[in-house]
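Following: one structure in structure tokens, then a few remarks.
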Amino acid sequence: MRTLCFLAGALLCASPVLADDYRNCGETWHLPASPPSRIVALNQHAADLVLALGAGPALAGVAYLDDTGAPQSEYLGVPVISPRYPSSEVLYAQQPDLVVGGFATAFGNGVTSRSGLGRNGVASYLLESACNGHSLDYFEHIRNDLSTLGALLHRQQRARELSDAMDADLEKAKALTRPGRPLSVFYLDSEVNGLDSEGRRGFVTTLLAAAGARNLFADINQYRVTVSRETLLASDPDVILLADAQWSPASRKRQLLMQDPVLSTLRAVRQNRMIDIPFTHLLPTVGSGRVALELAERLRALP
């Protein structure tokens, strides 16, 4: 009997993983193996969060890098498995036990949907800011992401440190805010199909407010907005913020603004009050507090 008890205890002690249930996007999900040992991150900012939590050794692959640069086979030491979202064959070839997505579009249909992954024993997590019907409290979404993923990855202490660091940076950014009317900023997300920007529901509105500025189109209750040259000229923003992305480099946006007969007359263009910023820095993720602080410093330094 003593031998049986010893064997049972040894088996319990040798169990390498436990299962976890967790809340995400208003639903309860199941993680078969905790902590996960083979994570796939879909979207660069999703990978950044996993890496910041110190779970890099468990990151089996990343897909869909957004910031500018030549095509890469690795991202900070992690294999790039696809330039865009991977096919089901490529995704499942990684043998993931957790897939983390930065946008809802990261999860496709069928076996690559969140439910399809779950049926095949693969857990999934979608950053809270991408959940359907999410609130506009983006920084709280980041805190929730850190808390939930920190628990799933057994990195709770690191998650708390990152959350505290974000809040400290937000306080520093707030301290740099000048009294009086905040600077009006036009955010140019892409120039490919018109002048694409964000309205009140976009994260850029929250980020600019944290940096002591105001989104030029914050009164439009939409996530994305496309504006005409004439509308932008009539609004004449103090500053223009240019997203720097592989699919729409900031240099190309600058060229358009400086050469277009209408846009070149904007005050911000004539006075060179334009700020380039990597696209992933304009998404709600682990470094957003630092981005708000750096943006506040750059806005304050403008002539």
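Once the stretch 140-157 is narrowed to residues that are within 18 Å of residue 203 (Cα to Cα) and out of contact with any Ser or Thr (no Cβ under 7 Å at 6 or more places or on another chain), the residue that is surrounded by the most Cβ atoms within 10 Å (Cβ to Cβ) is 145.
Taking each residue of the stretch 133-145 that is among the basic types (Lys, Arg) and looking for partners that are not in a loop (DSSP other than H, G, I, E, B) with beta-carbon atoms closer than 6 Å, six or more apart or interchain, yields 143/163. Within the stretch 26-51, being within 17 Å of residue 128 (Cα to Cα), buried (at least 17 other Cβ atoms within 10 Å of the Cβ) and either in contact with a His (Cβ under 8 Å, 6 or more places away or on another chain) or small (Gly, Ala, Ser) (or both) holds for 41, 46, 47.
Against the list (1) hydrophobic (A, V, I, L, M, F, W, C); (2) under 23 Å from residue 78 (Cβ atoms); (3) modelled with pLDDT of 85 or more, the condition residue 17 fails is (3). Quick one: in the stretch 169-194, which of the residues that are under 18 Å from residue 286 (Cα atoms) and touching a helix residue (DSSP H, G or I) at 6+ places or on another chain (Cβ under 7 Å) is surrounded by the fewest Cβ atoms within 10 Å (Cβ to Cβ)? Across the stretch 169-194, the extreme among qualifying residues is 172. Can residue 192 be described as over 17 Å from the mean Cα position of the chain (by Cα) and part of a strand (DSSP E or B)? No; evaluated as a whole, the condition is false for this residue. Just one of the numbered conditions (1) assigned to a loop (DSSP other than H, G, I, E, B); (2) in contact (Cβ under 8 Å) with a residue 12 or more places away in the chain; (3) over 21 Å from residue 130 (Cβ atoms) is not true of residue 72: (2). Residue 27 falls short on exactly one of the conditions (1) touching a strand residue (DSSP E or B) at 6+ places or on another chain (Cβ under 9 Å); (2) without any contact (Cβ under 8 Å) to a residue 60 or more places away in the chain; (3) of a type outside the set (Ser, Thr, Tyr); (4) under 26 Å from residue 147 (Cβ atoms), and that condition is (1). Restricting the stretch 259-290 to residues that are among the small types (Gly, Ala, Ser) and closer than 24 Å to residue 233 by Cα, the residue that is surrounded by the most Cβ atoms within 10 Å (Cβ to Cβ) is 268.
Within the stretch 58-67, is there a residue that is more than 17 Å from residue 283 (Cβ to Cβ) and not in a strand (DSSP E or B)? The answer is yes; a qualifying residue exists.
Summed over the stretch 146-191, residues that are free of Cβ contacts under 8 Å to residues at least 40 places away in the same chain and either on the phi > 0 side of the Ramachandran plot or in contact with a Pro (Cβ under 8 Å, 6 or more places away or on another chain) (or both) total 1. Residues that are modelled with pLDDT of 95 or more and in a strand (DSSP E or B) within the stretch 29-52 comprise 29, 30, 31, 39, 40, 41, 42, listed in sequence order. Listed by first and then second residue, the pairs linking a residue in the stretch 96-124 that is surrounded by 13 or more Cβ atoms within 10 Å (Cβ to Cβ) to a residue that is assigned to a helix (DSSP H, G or I) and β-branched (Val, Ile, Thr), with Cβ atoms under 8 Å apart and 6 or more places separating them unless they lie on different chains, are 100/50; 117/111. Scanning the stretch 113-137 for residues that are closer than 16 Å to residue 30 by Cα, hydroxyl-bearing (Ser, Thr, Tyr) and in a helix (DSSP H, G or I) turns up just one, 115.
The values are calculated or read from the model by the stated rules, or taken from the named source; none is laboratory data. Since this is a predicted model, take the numbers as computed values, not measurements. Please note: Cβ atoms are built from the backbone with ideal geometry, for glycine as well, and neighbour counts cover all protein chains shown.
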